[in-house]
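Report on the following structure.
The values are calculated or read from the model by the stated rules, or taken from the named source; none is laboratory data. Since the model is a prediction, treat every value here as computed from it, not as a measurement. Glycine gets a Cβ as well: all are built from the backbone with ideal geometry, and neighbour counts include every protein chain shown.
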Amino acid sequence: MYIFQNMRRLQLIVGCFIVFMLTGSGIGMANTVNGVWMYGFEDGFDNAEEVGYLSDMGINQIYLSMGIAENHKLIDQGSGSYDGTYTAGLSDFITRSNNAGISVHAMTLEDPVFTYTDNHAAGFGLVDNILSYNTSNSGAAFDGIHINVDPWTLGDWDPVDWVYNNNLLGQYIDLTSGISDQITTHSQPLEFSATIAWWFNEEANNGILTNGYTTTLTENVDVLVPLVYDGVGGSWLDIVDRAGDEISEAPTLIGIGAHEFTSYSDVINAQTGLDAAFSGNSNYMGTSVFKYDSLKTQYLTSVAPEPISSILFLTGGATLGLRRYVRRRNNKNLQST
């Protein structure tokens, strides 16, 4: 088994190298998503500046956090009145992003408590707020709705009682069904995506989490987003192993963590490896990086000019090496005469 796994990895590496050489791109292949999770909009963005950074990094999709309290700035439930300042800034950000070729998806239900059936109605209300915003701002509407419920992070998700966990996941599936109905009956088409644990399908195949089958989870969702980090260690080959089963069965966008890579170039190399590994598979949608702030910091570090002391050190070293080379060459010429 060990030899087989290593042979498979070797085949992947060789195949990815060939595809990379053919495509000649380190940013990702055509038509794949190069996305980010983005937080903090409610604290105030410089919309022009942030869209500029997103464009420079080749980002073409955003999961924009609406939070819980922030979501209510879209529309105060019951009164029907909009927060004009917030929605004006939001519509400006979406317009600028769309003009730069970036789609913006509203991320909501960012708490595992929405798993519970008793909280579904509140979750549907948050989705209604987004749909109401889209209706009133059709020229600057969200392109999709993304939920980050993550039921496996619940405090009562049990490491042993998988019957109980399976019940929790069943409640989550009911939630996605209700949201799917909301989106389907809305006047504008929207992509519906949801995060899942990368190991759901594995445990389903093991017979202990039967609601975790990819085919079951994708019944109500357009795109599954398995979160493949917290221990991957920056290895795109491990990501391939963990997300391959979802991609074989359903449209999948792989969630990776910027914090697991030591540099911006390492993130790009991982994305390039994944693009190449799943080249030609129509279910592979691309990657989304958690999170924008971390990726932006890595990017700015990668493009920052070297401190003058480093430049002088490198220049001095290069000059010294050149002088030594010239001296050796001259000595050799003298010896030959």
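Per-structure values
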item: Unique match (being under 14 Å from the mean Cα position of the chain (by Cα) and modelled with pLDDT of 50 or more) among E260, E249; result: E260
item: Residue list for segment 197-215, restricted to those being assigned to a loop (DSSP other than H, G, I, E, B), at negative phi and either surrounded by fewer than 16 Cβ atoms within 10 Å (Cβ to Cβ) or touching a Cys at 6+ places or on another chain (Cβ under 7 Å) (or both); result: N206, I208
item: Search result, residues across segment 158-184 that are buried (at least 17 other Cβ atoms within 10 Å of the Cβ) and aromatic (F, W, Y); result: W162, Y172
item: Any chance S187 is at pLDDT below 95 and farther than 19 Å from Y284 by Cβ; result: yes
item: Residue match in segment 124-142 (condition: surrounded by fewer than 20 Cβ atoms within 10 Å (Cβ to Cβ) and without any contact (Cβ under 8 Å) to a residue 40 or more places away in the chain); result: no
item: Conditions (1) surrounded by fewer than 20 Cβ atoms within 10 Å (Cβ to Cβ); (2) modelled with pLDDT of 95 or more; number of the one not met by I59; result: (1)
item: T218 surrounded by fewer than 21 Cβ atoms within 10 Å (Cβ to Cβ), of a type in the set (V, I, T) and modelled with pLDDT of 95 or more; result: yes
item: Condition check for N165: assigned to a helix (DSSP H, G or I), farther than 18 Å from D111 by Cα and of a type outside the set (D, E); result: no
item: Only listed residue being out of contact with any Phe, Trp or Tyr (no Cβ under 9 Å at 6 or more places or on another chain) and in a loop (DSSP other than H, G, I, E, B), chosen from V160, V113; result: V160
item: Options T95, T85; residue that is free of Cβ contacts under 8 Å to residues at least 40 places away in the same chain and of a type in the set (S, T, N, Q); result: T85
item: Candidate set from segment 222-254 (those that are outside any loop (DSSP other than H, G, I, E, B) and small (G, A, S)); member that is surrounded by the most Cβ atoms within 10 Å (Cβ to Cβ); result: A243
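Condition check ((1) farther than 26 Å from V33 by Cα; (2) modelled with pLDDT of 95 or more; (3) over 17 Å from the mean Cα position of the chain (by Cα); (4) not in a helix (DSSP H, G or I)) across all residues:
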residue	(1), (2), (3), (4)
L54	no, yes, no, no
I75	yes, no, yes, yes
L90	no, no, yes, no
I94	no, yes, yes, no
D118	yes, yes, yes, no
F124	yes, yes, yes, no
D128	yes, no, yes, no
S132	yes, no, yes, no
H146	no, yes, no, yes
